[in-house]
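One structure is given here, and the rest of the page talks about it.
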Amino acid sequence: MKLDDLRTLIAIAQQGSFRAAASALDIPPATISRRLQRLEDTLGSQLVIRDSRNVSLTPLGQSYVERCQPLIDELETTTNELHDSSHANPRGALRISAPVGLLTYRLMPLFNQFLARYPDITLSLNHLSNQHHDYSPEQYDVVFRVGQQPDSSFAAAKIGESQRILVASPHYLASQGTPAHPQDLNQHARLASVPEFEWALTDRNVAADTETYWINSPVRMAIADLNSIKQAAIDGLGIACLPNYVVADACGQGLLTTMMDNWYSPPRPIYMLYQRLGYVPAHVRSFTDFMRDALSK
């Protein structure tokens, strides 16, 4: 039996629904169902009664929770006391994975502030990627990713959003014309970041999302690096659709110009993934707490 499965049952009992339990534990609802099923299979008994409206414990489930809850509380109290005793001066090595663009424009300044505050913590960033399938708790302590995340053993904390905007150099727009409607983009050179070959644009002035256009014309350049696409746009090679935090500096300097501001690309969530349940070293907890606080501001 896994402690995570028992904690899941206790969360269901306390919260009264799978969705509320998932929110309390910072995990997807699908993980709640999987863990509960695994616990019931282990015990060979039904612990929760599920119907379309309510979730309730069986008599066996209620008895099991009542007997195990004090043990879990004692375990967590002991863990927190040990954590508090070491949290004053945390030390250790952090293994981080993050996308290049997010790291450069949003995360790196915060990493520097964190290391300045905690001189006994080291940080390694030897994996720069936004792929959803190339990380595990054995490899990394904290993972940053953009976009919806698949179910995994990590807890997923949403720390922001990535809003993409259309940009091009003033020179390109002067020579090729400025598009006024998404359909006009099919006549322009597109610069796409891999794998974002298709662009979805929705009219801000329409209440329902009925005015959404998908732009999938051939691209002139496709690169799995946001900075390279940004530079190609600055050099006048075409129109790019990039996160606002990537192009903010170039727009401020007049190197890039936005267009079609009444059309927007749906924002993509930014997640910080980390191992939340079980023992979490003090230096990892210090880092996740710091990032949550910094990004909330």
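Taken together, the values in this text are just the output of simple stated rules run on the coordinates, not laboratory data. Just so you know, these numbers come straight off a predicted model, no measurement behind them. For neighbour counting, all protein chains shown are included, and Cβ atoms are generated from backbone atoms with ideal geometry for every residue, glycine included.
Structure data summary
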item	result
For segment 186-246, alpha-carbon Rg and Dmax in angstrom	12.5, 37
Cα gyration tensor, segment 183-297 - rounded (a/c under 1.5), prolate or oblate	prolate
Net charge, residue 254 excluded, C-beta distance under 15 Å - Lys, Arg +1, Asp, Glu -1	-1
Ranked packing of 181-189, 29-37, most packed first, by mean Cβ within 10 Å	29-37, 181-189
Cα-based helix-to-principal-axis angle, 29-43 vs the chain, degrees rounded to 10	30
Total formal charge among the other residues, if their Cβ is under 14 angstrom from that of residue 227, Lys/Arg +1 and Asp/Glu -1	-1
Crossing angle, helix 282-296 versus the chain [Cα axis fit, 0-90 degrees, rounded to tens]	50
Rounded if a/c under 1.5, otherwise prolate or oblate - segment 1-68, Cα gyration tensor axes	rounded
About the Cα centre, charge dipole magnitude for the chain (Lys/Arg +1, Asp/Glu -1 at Cβ), debye	120
Candidates 239, 12, 49, ranked by Gaussian network fluctuation over the chain, Cα under 10 Å, top entry	49
Leading residue at positive end of dipole, the chain (Cβ point charges), from 125, 15, 288	125
For residue 236, residues with placed amide H under 5 Å, excluding near neighbours	169
Cα centre as origin, Lys/Arg/Asp/Glu Cβ charges: segment 164-266 dipole, Debye	180
Label-point separation in nm, residue 58 to residue 116, each point 7 Å along Cα→Cβ	5.8
Sequence-distant residues sharing a close amide H with residue 166 (under 5 Å, placed H)	259
³J(HN,Hα), Karplus 6.51/-1.76/1.60, whole Hz, each residue of segment 257-271, x for Gly, Pro	10, 7, 8, 6, 5, 7, 10, 9, 9, x, x, 10, x, 10, 10
